[in-house]
Amino acid sequence: MERSRIAVAGASGLIGGALVRSLTADGHDVVRLVRHEPRSKSEVRWDPEGKRVDAAGLAGCDAVVNLAGAGVGDRRWTDTYKARIRSSRVHGTTALAEAIAAMDEKPRVFVNGSAMGYYGETGDRIVDEDSPAGSGFLPELCVEWEGAAAPAQLAGVRTAFVRTGLVVGRGGGAWGKLFPLFKAGLGGRMGDGRQYWSYVSLHDEVAAIRHLIDTDGLSGPFNVTAPTPLTNREITAAMGRVLHRPTLFTVPAPVLRTVLGEMAGDVLGSARVVPKRLLESGFTFAFPDIEGAIRAA
């Protein structure tokens, strides 16, 4: 890919930070969307909850990538925090999509965040991008989140949605919390361990986003998960093997529900999600197996 100017919202997060480092290392001009007063020409002011963005700062961008949003697993899901999770994603996407639609020279692609939470509880059933949305807070959020990108789509901008799985990375997300526990020998399965966890290495997450930026014609939803989802029990065993630690502990479902509240449903729920469209587009995973993903992290 030739040198491009790419705007990234959510650049301080686990995925966004890794994406910015990858793009910068390859010589691309990265513009970060920030909430504070810009400190350099590489920063653009925006207020996602307020649906405001300095559209002039997006001028000349070949691509806009939106990965912003309050952390789903950062806090207990009170009504107040659920409202923040929603507004940070839906309102932020609306602001960017409307700004893109109003530009005289529009970016050629808008890559917007989403999540495998779109499908909700799937049990043992394998789901791909043709599967319907589930029910509950996360599925309803994902539907609204993706729908907020409509202004960019209607303006003719190629728009792709990244339905991300559980990212195996050391610096944040679910695995950012799991690694210290397992390294301390306190790791173990959650609930009965039979629920499917659809994971993806941080390396492959970034590579998939770049693939969607670079490949003309790719639009709509893309599941960004490793090709073979595993159960929590299988992933727990893999963590023990790679880190050379026992995995004797079990966190019973009632305890998780007491500690995590409504969010426990996401931990105990099963999501057997496969990346059908990503594979069909020619993408190759560098770390398709869980042990490789853990070692990479």
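Overview of results
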item	result
Under 13 Å, Cβ to Cβ, from Ala25 - net charge with Lys/Arg +1 and Asp/Glu -1	+1
Rounded to 5, percent antiparallel among DSSP beta bridges of the chain	10
Reduced Cα scattering model of the stretch 58-172, Debye log10 I(q)/I(0), q = 0.19 Å⁻¹	-1.04
Whole-angstrom gap from the stretch 278-296 to the stretch 159-194, using each part's C-alpha centre	16
Label-to-label distance, nm, for residues given as Ser281 and Arg75 (7 Å Cα→Cβ offset)	3.3
Accessible surface of the chain, 1.4 Å probe, proportion on carbon and sulfur as whole %	52
The stretch 3-50 pair-distance distribution - Cα-Cα, 10 Å bins, rounded %	28, 55, 16, 1
Inter-centroid distance (Cα atoms) of the stretch 207-221 relative to the stretch 1-54, Å	18
Per residue accessible area in Å² of the chain, where ligands, DNA and RNA are left out and the probe is 1.4 Å	44
Zero-based 5 Å bins, Cα pair distances in the stretch 1-110, whole percents	2, 13, 22, 24, 19, 11, 6, 3, 1, 0
Per residue convex hull volume, Cα atoms of the chain, in Å³	124
Two-site FRET efficiency, Glu291 against Arg170, from Cβ-Cβ distance with R₀ of 22 Å, rounded to 0.05	0.90
Kyte-Doolittle at least -0.5, axis length at least 20 Å by Cα - qualifying DSSP helices, the chain	79-102
Estimated inter-spin distance, Leu248 and Glu105, nm [label 7 Å along Cα→Cβ]	6.5
Largest-first ordering by accessible area, 1.4 Å probe, given options His36, His203, His28	His203, His36, His28
Nitroxide proxy distance, nm - points 7 Å out along Cα→Cβ at Ala83 and Asp54	3.0
Total formal charge among the other residues, if their Cβ is under 14 angstrom from that of Leu218, Lys/Arg +1 and Asp/Glu -1	+2
Local net charge near Leu279, Cβ-Cβ under 13 Å (Lys/Arg +1, Asp/Glu -1)	-2
Residue-averaged [θ]222 nm for the chain, counting only DSSP H segments that reach four residues, each worth -39500 (n - 2.57)	-11500 deg cm²/dmol
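The values are calculated or read from the model by the stated rules, or taken from the named source; none is laboratory data. Just so it is clear, the model here is predicted, and its values are computed rather than measured. With ideal geometry, Cβ positions are generated from the backbone for all residues, glycine too; neighbour counts draw on all protein chains shown. Note: accessible area is taken over every heavy atom of the protein model, side chains too, but ligands, DNA and RNA are not part of it. Shrake-Rupley method; radii C 1.70, N 1.55, O 1.52, S 1.80 Å.
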